[in-house]
Ligand code: GTP
Ligand code: MG
């Protein structure tokens, strides 16, 4: 087990709730129901750390989690995709999310989760383009690997890479929160990117 310690620190609705220190933060983004909370729990081997979808789309808060006593923080973002998308990319996300992603010095990496079973949606595409626009380092994590048939694995990875037009510098890791396949690989990738 790579994560020896994990703890919920706080939720924050805006900048006044952010933590003032130099600990690097990894932001988790993805459509509602993609498995963000499940992944946080799988990664930390802590079933109760992040709440698994009760009412998707209700939360507007960022949730901060300490990993290994200050090694880094995971920041769980509200799922997108439930809100109506209107023309401008920016408006897909709340002002709070924009402010966090555009100004937070602690933000060192974004883990973007996509469902391996489906072609990325317009929302996924908007998010990925937004991250590229702000030159944020990204690791794409494909969830629900356990739901794919053997012959779909390569095919769906290609579909996702092609649809998002993934840059070679962006990692792509296929995981299952159910059987925990490749979950620790994401931890290793995070540490590599953060140089911790
Ligand atoms: P929001 O908080 O609404 O944004 O959703 P979320 O992205 O946090 O999704 P959550 O972790 O709550 O998971 C949504 C549903 O998908 C739950 O029923 C999970 O049990 C299921 N799920 C998550 N990951 C996996 C996976 O890897 N495999 C399978 N089979 N189911 C998964
Ligand atoms: Mg969640």
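Here is how the numbers come out for the structure above:
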quantity: Tally, over the range 1-35, of residues that are within 16 Å of ligand 2 (Cβ to nearest atom), touching a residue at least 60 places away in the same chain (Cβ under 8 Å) and not in a loop (DSSP other than H, G, I, E, B); calculated: 7
quantity: Residue that is surrounded by the most Cβ atoms within 10 Å (Cβ to Cβ) [pool: residues in the range 146-167 that are part of a loop (DSSP other than H, G, I, E, B) and more than 20 Å from the chain's Cα centre (by Cα)]; calculated: 148
quantity: Residue that is surrounded by the most Cβ atoms within 10 Å (Cβ to Cβ) [pool: residues in the range 168-196 that are at pLDDT below 95 and touching a strand residue (DSSP E or B) at 6+ places or on another chain (Cβ under 7 Å)]; calculated: 171
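The values are calculated or read from the model by the stated rules, or taken from the named source; none is laboratory data. Just so it is clear, the structure is predicted and the values come from calculations on it, not from any experiment. Don't worry about glycine lacking a Cβ; one is built from the backbone with ideal geometry, like all the others, and counts go over all protein chains shown.
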